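See structure below.
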Amino acid sequence: MKDTGAAHDLADRLLPQDPKFATKQCHAGQEPEQWSSWSVVTPICLTTTFKQDGPAQLHPMPSAKEGFEYSRAGNPTRSCLENCLASLEQGKYGFTFASGLAATVSCCHLLKAGDHLVAMDDMYGGTFRYYTKILSNLGVEIDLIDARNLDNVKNAIKPNTKMVWIETPTNPTLKVIDIRGVCNIAHAEKHKEQDILVVIDNTFQSSYFQKPLLLGADIVLHSVTKYLNGHTDVCMGALITSRDDLNERLYFLQKSLGTIPSPFDCYLVLRSLKTLSLRMEEHQKNGFAVARFLENHSCVEKVVYPGLPSHPHHDIAVSQGSGFSGMVSFYVKGGLKQSERFLKQLKLVLLAESLGGCDSLAELPCIMTHSAVAPEHRQVIGITDTLIRLSIGLENQQDIIHDLDQALNYAVNECTEDETSVTAAADIKAAQKASSNSCTQSSCCTRSNAAAHSNGVSS
Ligand SMILES: Cc1ncc(COP(=O)(O)O)c(C=O)c1O
């Protein structure tokens, strides 16, 4: 049996991996015969325009049978990447965008004023901000719900519901939502006429560990910036579908909105994808090791890792994926001061936003990525002053654990009680003041519309 880092009985319960994944990541969409040079490495086609055989007669190419005319509408390097991404996700059609958020915006252009969108109440802060500050002003009706309870999804569907948007696991609290359950509700016979689209943000699991299209989703979204690129040097997004009608609509939106990535970035991502399976296996091994280590640490209040049986939706996570990434969140004992001391004391793990790269990163969502989420709403969704998000990278496992251990001991054990309570109280007050600046009407910070005051951009 392969060493996944997971307990052996767990490895047996996970969904099987696509046996062709590693071959696809190296070759899908990248056949040398499509180039006159038979180049093994996909060339970077920087051209913005293409010579035509006759007026409006495009020269046929294997990667885009109808040929290329102008790079916003189609580019050979981009096509190769899009075909590769579709293949890895076991979908038919892939589209790439200038960022994950550009993919989100382009996808939501499938909606029009008067349509209703149901979305999880806890997700990436930039998506929240786009929904509540921009999309809702364009006449799209939005309801934010806790989709862990499928009854909430059922009850939220209205006659004008056109899309259900789920991120799983969520950023940064790693909540797990039942993808099959959500799809069964949205695609139920009684809603057939409505054609409700289920969109799954698969960023935290990557195409390697979770394939939502096979579980019934209509569209998968990735912030390619994270695991798919994995080297912290490209901002990109992707949408993948198997539906022919959505292929046409998404292609039209990509070319009409112009939300495309550069050919150079497409080349970098193709290069990164060649090692995706290897990287994800290592992220998983290190993720499990860190999660188990933290679970037994006296300075840690609670660990959140979907791969551990202690996660409340561990069984659902196991039933819908073939493994787990390197995203681990935990609550440190103490208060804001301990969180800050821990992060400042880290020597190997870098204090920075973003995730999914080779380098281990740590961040404090309450005052970094989610700082502008109203404090009451942060409490409701579990983003407290002591929640720390780790993106466990590919360094030596013992080196990572040693670094976390020394920083935890320093932050919790070497900080005197007086110093802790005085400074923590002051810091919490300051953080609350900062948050209230972005929410001038305190009365409107109810559970769901607190998000409407979120400018927090979680990476
Ligand atoms: C889960 C998730 N979805 C979408 C995005 C947006 O991606 P990008 O930063 O590439 O625009 C992020 C960014 O952190 C994310 O974490």
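Would you check if there is a residue in the range 301-316 being within 16 Å of the ligand (Cβ to nearest atom) and at pLDDT 95 or above? First the steps, then the outcome.
As a first pass, look at the range 301-316 and keep what is within 16 Å of the ligand (Cβ to nearest atom): 304, 306.
With at pLDDT 95 or above added as a condition, the list becomes 304, 306.
Scanning the range 301-316 turns up at least one residue that is within 16 Å of the ligand (Cβ to nearest atom) and at pLDDT 95 or above.
Scoring Ile401 on the criteria (1) under 19 Å from Ser325 (Cα atoms); (2) away from the ligand (no atom under 16 Å from the Cβ); (3) out of contact with any Phe, Trp or Tyr (no Cβ under 6 Å at 6 or more places or on another chain) leaves a single failure, condition (3).
Taking the conditions exactly as written (assigned to a loop (DSSP other than H, G, I, E, B) and either more than 16 Å from the ligand (Cβ to nearest atom) or closer than 30 Å to Met280 by Cα (or both)), does Cys45 satisfy them or not? Let's see the steps before the verdict.
Numbers: assigned to a loop (DSSP other than H, G, I, E, B): yes; either more than 16 Å from the ligand (Cβ to nearest atom) or closer than 30 Å to Met280 by Cα (or both): yes.
When the stated conditions are applied, Cys45 passes them.
Restricting attention to the range 345-382, the residues that are assigned to a strand (DSSP E or B) and among the aliphatic types (A, V, I, L, M) add up to 4. The single condition from (1) out of contact with any His (no Cβ under 8 Å at 6 or more places or on another chain); (2) crowded, with 24+ Cβ neighbours inside 10 Å that Phe252 fails is (2). What are the residues in the range 130-150 that are of a type in the set (Val, Ile, Thr), surrounded by 14 or more Cβ atoms within 10 Å (Cβ to Cβ) and either under 22 Å from the mean Cα position of the chain (by Cα) or part of a helix (DSSP H, G or I) (or both), if any? Scanning the range 130-150 gives Thr132, Ile142, Ile145.
Quick check on this structure: which one of Cys415, Cys439, Cys444 is at pLDDT 50 or above, over 25 Å from Phe204 (Cα atoms) and more than 19 Å from the chain's Cα centre (by Cα)?
Values: Cys439 fails: at pLDDT 50 or above; Cys444 fails: at pLDDT 50 or above.
Cys415 is the lone residue from the list that is at pLDDT 50 or above, over 25 Å from Phe204 (Cα atoms) and more than 19 Å from the chain's Cα centre (by Cα).
Checked against (1) acidic (Asp, Glu); (2) part of a loop (DSSP other than H, G, I, E, B); (3) surrounded by fewer than 18 Cβ atoms within 10 Å (Cβ to Cβ), Asp385 meets all criteria but (3). Go through the range 151-172 and report how many residues are surrounded by fewer than 18 Cβ atoms within 10 Å (Cβ to Cβ) and in a loop (DSSP other than H, G, I, E, B). Adding up the residues that qualify gives 3.
Return the residues of the range 106-126 that are in a strand (DSSP E or B) and within 13 Å of the ligand (Cβ to nearest atom); say none if nothing qualifies.
Let us first name the residues in the range 106-126 that are in a strand (DSSP E or B), namely 116-120.
The answer is Ala119, Met120.
Determine if the range 25-32 includes at least one residue that is over 25 Å from the mean Cα position of the chain (by Cα), in a loop (DSSP other than H, G, I, E, B), modelled with pLDDT of 95 or more and surrounded by fewer than 16 Cβ atoms within 10 Å (Cβ to Cβ). Yes, the range 25-32 has at least one match.
Listed by first and then second residue, the pairs linking a residue in the range 329-343 that is assigned to a helix (DSSP H, G or I) to a residue that is among the acidic types (Asp, Glu), with Cβ atoms under 7 Å apart and 6 or more places separating them unless they lie on different chains, are Leu336/Asp385; Leu336/Asp427; Lys337/Asp427; Ser339/Asp385.
Taken over the range 152-175, the criterion of being within 16 Å of the ligand (Cβ to nearest atom), out of contact with any strand residue (DSSP E or B) (no Cβ under 6 Å at 6 or more places or on another chain) and at pLDDT 95 or above is satisfied by Thr168, Pro169, Thr170, Thr173, Lys175. The residues listed here are Ala102, Ala64, Ala73; of these, the one that is within 16 Å of the ligand (Cβ to nearest atom) and either aliphatic (A, V, I, L, M) or in the same structural domain as Thr259 (by TED's automatic domain parsing) (or both) is Ala102.
The values are calculated or read from the model by the stated rules, or taken from the named source; none is laboratory data. As the structure is a computational prediction, the values presented were derived from the model and not from experiment. In this analysis, Cβ positions are derived from the backbone assuming ideal geometry, glycine residues included, and neighbour counts consider all displayed protein chains.
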